[in-house]
Amino acid sequence: MATSTQQWVRVYKPPRQLGGRGPLNRSQQRTAAALCFLAPALTILLAFVGWPMLSAFRTSLYDSSGFGQETYTGLDNYVTVFTDATFLKALGNTAVYAVMFTPLALISALGLALLLNDPRLPLRGLFRTALFLPFIVSLAVAALAWNYLIDPQVGLLNYWLRGVGIQIGDVLQNPNLAMPAVVLVAVWKSFGFYMVIFIAGLQDIPDSLYEAARMDGAGAVGRFRHVTLPLLTNTTTFVVIFALIAALQAFDQIYVMTQGGPYHATDTVVTQIYETGFQKLDLGVASALSYVLLIATLILSLAQFLLASRKEKDVSA
């Protein structure tokens, strides 16, 4: 009797689950649990990001107004983007905006971060909070406030400048000054965010390196050049890429302050997307222009990822 029981135990196998698979191991259980938790977020992303992106790409291949029949045009809309004078002007303005905005935001944020990271400075927390506050204000609201500040009739900035004998007139109606004006508003709005990132990077630099540099006779400029800048490379790369992406997507303050004028002097890619899609109802060209902007943003994001990966390999090596 005992022998037959032992034989039965040896040949017995637990019943398989439905589908012919055995019980899930621990790794598979964790994967299944993770997918269950991710399912709501993935569903929302697919519904509100994935599907609109696919729909926009399809629209970019058609002559579509959003109403009535659509006509397949292939890549004609993309050809229009790179041949039409208005769109080329918008692409050029976007590049100019990025070239002006990125260095100004970077230098102002880094300079203030170096100042506010000094432990000898009193009320550092208050200054950090005050300089970060513009970032949490809506860019459209900030643009409205700056509209009143630089208004040629009632603006405080023009009033103060007239007091010292400087006349700048209506800046937003001057093709040479309109772009610098909207760039300065964007810098004022965002430099506090980049400043906080630089402060975090500065606080990760060990004080022992600065002490070693002092012992070697390095002054303030030498310590900044040979200690601070090299160790802030990853932070600086992140800020530069992030600022460039923000510059490519500039819209709010331009639409509020200039609507792309005067004479298309501040017309950017995003303002052209809005005008072409919602005012001219040419959804095909607007979608093609949107994908050009998307590809440029993806290239910058990929560049940031590759640079960060290379720096991590260098550090680990």
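Would you call residue 6 in a loop (DSSP other than H, G, I, E, B) and either open to solvent by 50 Å² or more (accessible area, probe 1.4 Å) or modelled with pLDDT of 90 or more (or both)?
So residue 6 does not fit the description; no.
When only residues in region 144-164 that are open to solvent by 70 Å² or more (accessible area, probe 1.4 Å) and in a loop (DSSP other than H, G, I, E, B) count, which is farthest from residue 112 (Cα to Cα)?
Out of the qualifying residues, it is 153.
Residues are listed down the side, and each one gets a yes or a no for (1) open to solvent by 50 Å² or more (accessible area, probe 1.4 Å); (2) in contact (Cβ under 8 Å) with a residue 12 or more places away in the chain; (3) in contact with a His (Cβ under 6 Å, 6 or more places away or on another chain); (4) not small (Gly, Ala, Ser):
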{"site": "55", "(1), (2), (3), (4)": "no, no, no, no"}
{"site": "62", "(1), (2), (3), (4)": "yes, yes, no, yes"}
{"site": "73", "(1), (2), (3), (4)": "no, yes, no, yes"}
{"site": "81", "(1), (2), (3), (4)": "no, yes, no, yes"}
{"site": "88", "(1), (2), (3), (4)": "yes, no, no, yes"}
{"site": "94", "(1), (2), (3), (4)": "no, yes, no, yes"}
{"site": "101", "(1), (2), (3), (4)": "no, yes, no, yes"}
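Out of all the residues in region 241-258, is one or more farther than 30 Å from residue 205 by Cβ, of a type outside the set (S, T, N, Q) and surrounded by fewer than 18 Cβ atoms within 10 Å (Cβ to Cβ)?
Here is the first cut: in region 241-258, the residues farther than 30 Å from residue 205 by Cβ are 248-258.
Now narrow it down to the ones that are of a type outside the set (S, T, N, Q): 248, 250-252, 254-257.
Next cut, surrounded by fewer than 18 Cβ atoms within 10 Å (Cβ to Cβ) only: 251.
Among the residues of region 241-258, at least one is farther than 30 Å from residue 205 by Cβ, of a type outside the set (S, T, N, Q) and surrounded by fewer than 18 Cβ atoms within 10 Å (Cβ to Cβ), which makes the answer yes.
Scan 227, 256 and give me the residue that is farther than 24 Å from residue 304 by Cβ, over 17 Å from the mean Cα position of the chain (by Cα) and of a type in the set (Val, Ile, Thr). Step through it out loud before you land on a result.
Numbers: 227 fails: farther than 24 Å from residue 304 by Cβ.
Unique residue meeting the criteria: 256.
What pairs come up if the first residue lies in region 261-278 and is under 19 Å from residue 77 (Cβ atoms), the second is acidic (Asp, Glu), and their beta carbons are under 7 Å apart, counting only those six or more places apart or on different chains?
Filtered contacts from region 261-278: 276/282.
Within 27 Å of residue 195 (Cα to Cα), loosely packed, with under 14 Cβ neighbours inside 10 Å and in contact (Cβ under 8 Å) with a residue 24 or more places away in the chain, is that true of residue 133?
Answer is yes for this residue.
Take residue 218 and decide whether it is open to solvent by less than 70 Å² (accessible area, probe 1.4 Å) and modelled with pLDDT under 85. Explain how you work it out, then say what you get.
On the way: open to solvent by less than 70 Å² (accessible area, probe 1.4 Å): yes; modelled with pLDDT under 85: yes.
Taking the combined requirement at face value, the residue satisfies it.
If you check 167, 173, 203, which single one turns out to be within 21 Å of residue 109 (Cα to Cα) and open to solvent by 20 Å² or more (accessible area, probe 1.4 Å)?
On the way: 167 fails: within 21 Å of residue 109 (Cα to Cα); 173 fails: within 21 Å of residue 109 (Cα to Cα).
None of the other options fit; the residue is 203.
Yes or no: region 168-188 includes at least one residue that is touching a residue at least 60 places away in the same chain (Cβ under 8 Å) and farther than 30 Å from residue 269 by Cα.
No, that holds for no residue.
What about residue 141, is it in a loop (DSSP other than H, G, I, E, B), open to solvent by 80 Å² or more (accessible area, probe 1.4 Å) and either modelled with pLDDT of 90 or more or not basic (Lys, Arg) (or both)?
Values: in a loop (DSSP other than H, G, I, E, B): no; open to solvent by 80 Å² or more (accessible area, probe 1.4 Å): yes; either modelled with pLDDT of 90 or more or not basic (Lys, Arg) (or both): yes.
Criteria not met by residue 141.
The values are calculated or read from the model by the stated rules, or taken from the named source; none is laboratory data. Please read all numbers here as calculations on a predicted model, not as lab measurements. Quick reminder, even Gly has a Cβ in these numbers, built from the backbone with ideal geometry, and neighbours come from all protein chains shown. Each accessible area value is taken on the protein alone, full model and side chains, heavy atoms only, with ligands, DNA and RNA left out. Shrake-Rupley method; radii C 1.70, N 1.55, O 1.52, S 1.80 Å.
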